[in-house]
Amino acid sequence: MTAINIAIDGPAAAGKSTIAKRVATTLNMIYVDTGAMYRAITYFYLNNQHTFSDFDTMIGQIDLKLIYDEQKGQRVILNEADVTDYLRSNEVTEQVSYVASQDAVRTYLVKVQQQLATDKGIVMDGRDIGTTVLPDAEVKVYMIASVEERAQRRLKDNIERGIPSTLAQLKKDIAERDAYDMNRDISPLIKAHDALEIDTTGMTIEAVTERIIHLAREAQSK
Ligand code: C5P
């Protein structure tokens, strides 16, 4: 069996992480949520932005690691502290695309992400995985869904997490974040030329998961 990496990209709240986690569990691979890494740096930025004048200096103060907890899954360790539980707040969500558009931030995180995937066996989701982080990934998927459906899904997640939000606000936030991510200068959100596009609008989680597992098994058997 060939060892493979799987890259899953797409706009905000398209269901990437739910699907990627299931694919990773079924195939006994490791799931890497790169959005959480950008969120962790944004969390640091929000708490420390007055202490440095540029992003290069800020990145010099950051040491970011991922660890895996049997029960809780991926945990993000920022300068020795587990910050995972702070990363989905509205404050972080509002600023993350701005922080993620900075060259120093992307250069640092792409390197960390590429190191994680050198030995293969990784399912990584984000915005630039198939284009920039893992251009040689054996399976590449670009997942999309209507803004309406994505906002509905995010509202459900937020209610479960106790994060205050409304459908109208989520639709606006999702559309704005997509526009920012698609129009930035460095590694904008775009479908890799060799990625399979899956429109998950109206599809069940099981059906999307099955589709990707099928692709992965084909790649593993090559
Ligand atoms: O996936 P999630 O919604 O948590 O990502 C948060 C933000 O992080 C995205 O809107 C985007 O600005 C940034 N991001 C990125 N590249 C990635 C993953 C996330 O620019 N690979």
- [ ] Take segment 91-149 and flag every residue that is farther than 23 Å from Phe55 by Cβ, within 14 Å of the chain's Cα centre (by Cα) and assigned to a loop (DSSP other than H, G, I, E, B).
- [x] Leu134
Open item on the list: Of the residues Leu189, Leu215, Leu170, Leu155, only one is in contact with a Ser or Thr (Cβ under 8 Å, 6 or more places away or on another chain) and either within 18 Å of Ile19 (Cα to Cα) or of a type outside the set (Phe, Trp, Tyr) (or both); which?
Closed with: Leu155
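Out of curiosity, is Ala40 among the small types (Gly, Ala, Ser), assigned to a helix (DSSP H, G or I) and more than 13 Å from the ligand (Cβ to nearest atom)?
Details: among the small types (Gly, Ala, Ser): yes; assigned to a helix (DSSP H, G or I): yes; more than 13 Å from the ligand (Cβ to nearest atom): no.
Criteria not met by Ala40.
Mind checking whether some residue in segment 64-76 is of a type in the set (Val, Ile, Thr), away from the ligand (no atom under 13 Å from the Cβ) and within 30 Å of His214 (Cα to Cα)? It would help to see each step written out before you state the result.
At the first step, the residues of segment 64-76 found to be of a type in the set (Val, Ile, Thr) are 67, 76.
Going one step further and asking which of them are away from the ligand (no atom under 13 Å from the Cβ), we end up with 67.
Subsequent filtering for residues that are within 30 Å of His214 (Cα to Cα) retains 67.
Yes, the conditions are met somewhere in segment 64-76.
Against the definition (in contact (Cβ under 8 Å) with a residue 12 or more places away in the chain and within 12 Å of the ligand (Cβ to nearest atom)), how does Ile174 come out, yes or no? Spell out the reasoning first.
On the way: in contact (Cβ under 8 Å) with a residue 12 or more places away in the chain: yes; within 12 Å of the ligand (Cβ to nearest atom): yes.
Yes; evaluated as a whole, the condition is true for this residue.
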Task: Checking Ile8 against (1) out of contact with any Ser or Thr (no Cβ under 8 Å at 6 or more places or on another chain); (2) not in a strand (DSSP E or B), the condition it does not meet - done: (2)
Task: Test: residue in segment 46-58 that is hydrophobic (A, V, I, L, M, F, W, C), near the ligand (Cβ under 10 Å from one of its atoms) and part of a loop (DSSP other than H, G, I, E, B) - done: no
Task: Selection count, segment 150-168, where residues are in a helix (DSSP H, G or I) and surrounded by fewer than 14 Cβ atoms within 10 Å (Cβ to Cβ) - done: 6
Open item on the list: Being part of a helix (DSSP H, G or I) and either among the aliphatic types (A, V, I, L, M) or more than 23 Å from Tyr86 (Cβ to Cβ) (or both) is the filter here; which residues of segment 173-195 pass it?
Closed with: Ile174, Ala175, Asp178, Ala179, Met182, Asn183
Task: Single unsatisfied condition, Gly202 versus (1) at pLDDT 95 or above; (2) exposed (fewer than 14 other Cβ atoms within 10 Å of the Cβ) - done: (1)
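From the list Arg75, Arg127, exactly one residue is free of Cβ contacts under 8 Å to residues at least 24 places away in the same chain and in contact with a strand residue (DSSP E or B) (Cβ under 8 Å, 6 or more places away or on another chain). Which is it? Steps first, please.
Values: Arg127 fails: free of Cβ contacts under 8 Å to residues at least 24 places away in the same chain.
Sole residue among the options that is free of Cβ contacts under 8 Å to residues at least 24 places away in the same chain and in contact with a strand residue (DSSP E or B) (Cβ under 8 Å, 6 or more places away or on another chain): Arg75.
Would you point out the residue of segment 90-121, among those that are over 30 Å from Asp136 (Cα atoms) and more than 12 Å from the ligand (Cβ to nearest atom), that is modelled with the highest pLDDT? Step through it out loud before you land on a result.
Initial filter on segment 90-121 (over 30 Å from Asp136 (Cα atoms)): 90-92, 94-95.
Now drop any that are not more than 12 Å from the ligand (Cβ to nearest atom), which leaves 90-91.
Working: Asn90: 91, Glu91: 95.
Checked segment 90-121; the qualifying residue modelled with the highest pLDDT is Glu91.
The values are calculated or read from the model by the stated rules, or taken from the named source; none is laboratory data. This structure is a prediction, so every number in the text was calculated from the model and none was measured. In this analysis, Cβ positions are derived from the backbone assuming ideal geometry, glycine residues included, and neighbour counts consider all displayed protein chains.
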